[in-house]
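J.: Quick one: the structure is below, questions incoming.
The values are calculated or read from the model by the stated rules, or taken from the named source; none is laboratory data. Quantities reported herein were computed from a predicted structural model and do not represent experimental measurements. As a convention, Cβ positions derive from the backbone with ideal geometry for all residues, glycine included, and neighbour counts pool all protein chains shown. Side chains included, ligands, DNA and RNA excluded: accessible areas come from the protein's heavy atoms. Shrake-Rupley method; radii C 1.70, N 1.55, O 1.52, S 1.80 Å.
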Amino acid sequence: MDRRSSKIIVTQRHRIKNALLIVGVCVLVGLAYPVLDKEFSDTFAFVNGALIGVLGGVGMALHQDFTFYGRMARQHFLRRLILVTLLYTVGFALLIIIVTGFTGALENNKTFISHVQSEVFQEFLFQGDYVVILLYAVILSSALSFVFSMQRKVDGRVIWNMVSGKYAKPKEEERIFMFLDMKDSTKIAEELGEMRFFEFINDFFTD
């Protein structure tokens, strides 16, 4: 196996590991809502939480993967944050309706359409917990997205070390430093000019 193939395999494993982590955390967050709402006897509340967690987690994992490895990695942070919030709001708004409508139809022995059109479901949407669940999902998913993004940029161990106060206590450690030299960088800078060269540097570090 050559070096390139080995690198691709390691990258794929890392992407799968991150995706499973995101889905797992989202499931826990989804199951936490009925616990916080003290709906211990409502089985469908936990089913809804688990399903929304799994499906929402898969969507978040795909979005995170596209953000980190796709074109969105080069977008401005604030713009990306606004887009993420809007995307998650619309996505979870539809996902919560679909999941609760489907499980509610099973619970009441109705079709999906008839249950969604029923007074019970309409009351859930406009007078019940729908808005609260949506805000809960959007706020926590956006926070998780920010944490996962920072983890990929900085490394999760660094964040944990900052939180735990490790850097406040001096300790002798062994470190490896990598010095990188771009071939013909001076010539490239002269050909591209200042602005285009720094854009080229940004693309280099992103890759």
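J.: For the chain, which whole percent of the accessible surface, found with a 1.4 angstrom probe, sits on carbon and sulfur atoms? List each step's numbers first, then the result.
T.: Values: 9900 of 15360 Å².
After summing per-atom areas, the C and S share lands at 64 percent.
J.: Please work out how much length the chain gains when fully extended from Glu194 to Leu180, using 0.36 nm per residue of separation minus the C-alpha to C-alpha distance, in nm with one decimal. Provide the component values of the computation, followed by the final result.
T.: Working: separation 14, 0.36 × 14 = 5.04 nm, distance 2.00 nm.
That works out to 3.0 nm of additional length.
J.: Where does the longest stretch of the chain lie that holds no GluC sites (Glu not before Pro) found in a DSSP loop with 16 or fewer other Cβ atoms within 10 Å? Each step should come with its number before you reach the end.
T.: On the way: sites that count: Glu39, Glu172, Glu173, Glu174.
Counting at most 16 other Cβ atoms within 10 Å as exposed, the longest clean stretch of the chain is 40-171.
J.: What does the extension gain come out to for Asn108 and Val120, with contour length at 0.36 nm per residue minus their alpha carbon separation? Walk me through the numbers before you get to the answer.
T.: Working: separation 12, 0.36 × 12 = 4.32 nm, distance 1.06 nm.
Stretched fully, the Asn108-Val120 segment lengthens by 3.3 nm.
J.: In the stretch 102-195, which chymotrypsin sites (Phe, Trp or Tyr not before Pro) fall in coil by DSSP and have 11 or fewer other Cβ atoms within 10 Å? Each step should come with its number before you reach the end.
T.: Numbers: sites: Phe102, Phe112, Phe121, Phe124, Phe126, Tyr130, Tyr136, Phe146, Phe148, Trp160, Tyr167, Phe177, Phe179; in loops: Phe177, Phe179.
Hits after loop and neighbour filter: Phe177, Phe179.
J.: Counting only heavy atoms of the protein chains, get the accessible area per residue of the stretch 78-126 (1.4 Å probe) and round it to a whole Å² value.
T.: Numbers: 3160 Å² over 49 residues.
With the other protein chains kept in place, the stretch 78-126 gives 64 Å² per residue.
J.: Counting trypsin sites (Lys or Arg not before Pro) as exposed when in a DSSP loop with at most 11 other beta carbons within 10 Å, what is the longest stretch of the chain free of them?
T.: Of all site-free stretches, the longest is 39-170.
J.: Additional query: Place +1 on the Cβ of every Lys and Arg and -1 on the Cβ of every Asp and Glu in the chain, take the dipole about the Cα centre, and give the residue among Phe102, Ile9, Leu36 whose Cα lies farthest towards its positive end.
T.: Farthest along the dipole direction, towards plus: Ile9.
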